[in-house]
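Beneath this line is the structure, given in structure tokens, with notes to follow.
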Amino acid sequence: MKILIDTNVILDVLSKREPHFHFSSEVLKLCGGQVTGCIAIFQIRDIFYLLCRMGVDKTIAKSSVKHLSDSLVTLNTNDIDISYAFASNVSDFEDALLIGCAVRHDVDFIITRNIKDFALSPIRAVSPQGFIENGCV
């Protein structure tokens, strides 16, 4: 099974955000076995930027993002994904780009805390808690 993990879930873990940390970290722990955890390449830049904006030292942010990119499969994005995002009715461009990437890479689920933002996605969006509790694995 292949899952694409949204930025908010990653930030829950890296910044230990409560009350979301537990289920988000459980999702990441599943990755590497029968679950292939993925992030889109543009998320790496976004996560680094957001960590720094949250006050994390750049060296620590870089180390965290490096560990993340070593632990998950990084999916490339290309003009097909961009075209998908522009043609999409999804209002948030970043979400539309993530959906386009997920479609092209045959992802089974998008793991996000913002389920409603992915209502128009052909890939089912599931919360970290829903993924863990409903046995999506």
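Just so you know, all these numbers are worked out from the coordinates, no wet-lab data involved. All values derive from a computational prediction rather than experimental measurement. Don't worry about glycine lacking a Cβ; one is built from the backbone with ideal geometry, like all the others, and counts go over all protein chains shown.
Result for the chain in a Gaussian network model with C-alpha springs under 10 Å: among 30, 75, 98, the largest mean-square fluctuation is at 30. The lysines within cross-link reach of residue 29, meaning a Cα-to-Cα straight distance under 16 Å and a gap of 8 or more places when in the same chain, are 2, 16. Cross-link partners of residue 116 among aspartates and glutamates, defined as those whose alpha carbon lies under 17 angstrom from its own and excluding same-chain residues fewer than eight positions apart: 6, 92, 94, 95. For the chain, the membrane-span-like helices by this rule, meaning whole DSSP H stretches whose C-alpha atoms cover at least 18 Å of axis and whose Kyte-Doolittle mean is -0.5 or above, are 41-53; this says nothing about an actual membrane. Under a model in which nothing but the beta-carbon of Lys, Arg (+1) and Asp, Glu (-1) is charged, the chain shows a dipole of about 320 debye around its Cα centre. Each Cα pair under 8 Å and six or more residues apart adds its separation to the average, and for the range 2-133 the resulting relative contact order is 30 percent.
For the pair the range 1-49 and the range 84-102, the centres of their Cα atoms are 19 angstrom apart. For the chain, the orientation-averaged shadow of the C-alpha convex hull comes to 7.8 nm² (one quarter of the hull surface).
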